[in-house]
1. Given a Förster distance of 25 angstrom, what is the FRET efficiency for E124 paired with A72, based on the Cβ-Cβ distance and rounded to 0.05?
2. What does the charge count around L77 come to, taking other residues whose C-beta lies under 15 Å from its C-beta (Lys +1, Arg +1, Asp -1, Glu -1)?
3. Pick from T21, T52, T119 the residue whose mean-square fluctuation is largest in a GNM of the chain, springs joining Cα atoms under 10 Å.
4. Could you give the accessible area per residue of the chain, probe 1.4 Å, as a whole number in Å²?
5. Can you give me the % of accessible surface on the range 30-151 that is carbon or sulfur? Probe 1.4 Å, all protein chains present, nothing else counted.
6. Treat the chain as a sphere of radius equal to its Kirkwood radius over Cα pairs and apply Stokes-Einstein at 20 °C in a medium of 1.002 mPa s; give the translational diffusion coefficient in µm²/s, rounded to a whole number.
Amino acid sequence: MDGTNGSKESTHVTTPVASNTLSVNVFTAPGKAMVGERPKPFGEPLGFDPITSTLIFGEHDAVLVDAMGTVAEAEALADWIALHNRNLQIIYITHGHFDHFYGLSVLLDRFPRARAIATPKTFEAMQTSFVPPLSQFARQLFPGQVPTKLVSPEPYDG
């Protein structure tokens, strides 16, 4: 009992609650010029616009959306992911353009426990990017920049 008003002190105990907060951070690689003849003798050279990858993360784990297209982009992305100090669990590929997934092998080498996934339709659309005519074309456009090992995500219908 308390000496001033006769009431008992009580201790308020709360149970820790897991945080449901997710954070998002976006990595942007600059645009890059393509090798080859210009269609006009003036103006900007042909090139690819800047590309982004998005990291969605909680307290411990993370999901990456898209994997970049060149070795340098994917290596810079991997370094950036590592700065977040999270367990990269999933790499989700949004669509079948090679500049969104050719860097996947670099990321999976750096984060071997991560699982690369895409919807079945995206997985199907990506398959043409692995055949020699398109992969060779990408190597001609960006000489020395496309990874030598190209890997595909697994189709995921969940």
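1. 0.30
2. My count for the surroundings of L77 gives -3.
3. With Cα springs under 10 Å in the chain, the top fluctuation among T21, T52, T119 is at T21.
4. It amounts to 63 Å² per residue over the chain.
5. Details: 3850 of 6660 Å².
C and S fraction of accessible area: 58 percent.
6. For these conditions, the coefficient is 119 µm²/s.
The values are calculated or read from the model by the stated rules, or taken from the named source; none is laboratory data. The structure presented is a predicted model; accordingly, all values stated were derived computationally and were not measured. All Cβ positions, glycine included, derive from the backbone under ideal geometry; neighbour counts span all protein chains shown. Accessible surface areas use protein heavy atoms only, side chains included; no ligands, DNA or RNA. Shrake-Rupley method; radii C 1.70, N 1.55, O 1.52, S 1.80 Å.
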